[in-house]
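See structure below.
Values in this text are rule-based calculations from the coordinates and carry no lab data. Predicted, not measured: the structure shown is a model, and the values here were computed from it. Cβ: placed from backbone, ideal geometry, glycine included. Neighbour counts: every protein chain shown.
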Amino acid sequence: MTALMAATGAAVYAFEPNPAAFGVLSARFKEAPNVHCLNQAVLDREETVRLFEHVRAVEDPVYWSNGSSVLEFKGNVDKARWAEVKAIDLAQFIRSLGRRVGLLKIDIEGAECEVLESLIGQGLHEMVDLILVETHDHKIKELQPRTEALRRLIAERGLKQIRLDWD
């Protein structure tokens, strides 16, 4: 997605908390002036958190980086293997840009509800033209009630720019 968006000439902010994946991402886009690679997790708050590795990350840390998560209870993470990473408050980040955001893609391995609830609660979703979200409630049963509540909130408010069916 970073390459696709960068090719349009848009300013791209690519957040990647996984150290192995960030190394690849930042090397790939080091010559792209419109791509800003940030070695941070995205949450609804600013703090240092544990990023748990996928259980198969020892085989190939970059390939399996897409399964790392800040959720310790996620079924495919290794609770003994984690890195401390800084997390940004996405709402605060969007506010700090001081301009509209054309596209926001959110795939943060289970923490999507908190982030979207924060954006909606602060009215910052209105600064974004389209929000594409990969939810994980179909894989993580603990997320189902909160995700369903978020779906209802989005439907009740008629928020057509938020799509929870992206994957």
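Taking amide H atoms as placed 1.01 Å from N in the peptide plane, the amide H of ALA32 has no partner under 5 Å among residues 5 or more positions away or on other chains. Computed on the chain, with alpha-carbon pairs under 8 angstrom and 6+ residues apart, the relative contact order is 18 percent. Of the Cα atoms belonging to segment 41-105, the radius of gyration and Dmax stand at 14.2, 42 Å.
Compute the longest continuous run of the chain that contains no exposed GluC sites (Glu not before Pro); treat a site as exposed when its DSSP state is not H, G, I, E or B and it has at most 11 other Cβ atoms within 10 Å. Looking at the chain, 73-167 is the longest stretch - no exposed GluC sites (Glu not before Pro) with at most 11 other Cβ atoms within 10 Å. Here the residues TRP82, TRP64, TRP166, ranked from fewest to most Cβ neighbours within 10 Å of their Cβ, fall in the order TRP166, TRP82, TRP64. Placing +1 on the Cβ of every Lys and Arg and -1 on the Cβ of every Asp and Glu, with nothing else charged, gives segment 32-166 a dipole about its Cα centre of roughly 280 debye.
Considering helices alone, the calculated mean residue ellipticity of the chain at 222 nm is -8500 deg cm²/dmol, with DSSP H runs of length four and up weighted by -39500 (n - 2.57) and normalised per residue. Computed from the Cα positions only, the extents of the chain along the three principal axes stand at 44, 41, 27 Å, in decreasing order. Pop the C-beta distance of ALA10 and LYS79 into the FRET formula with R0 = 45 Å and round what comes out to the nearest 0.05. Rounded to the nearest 0.05, the efficiency is 0.75.
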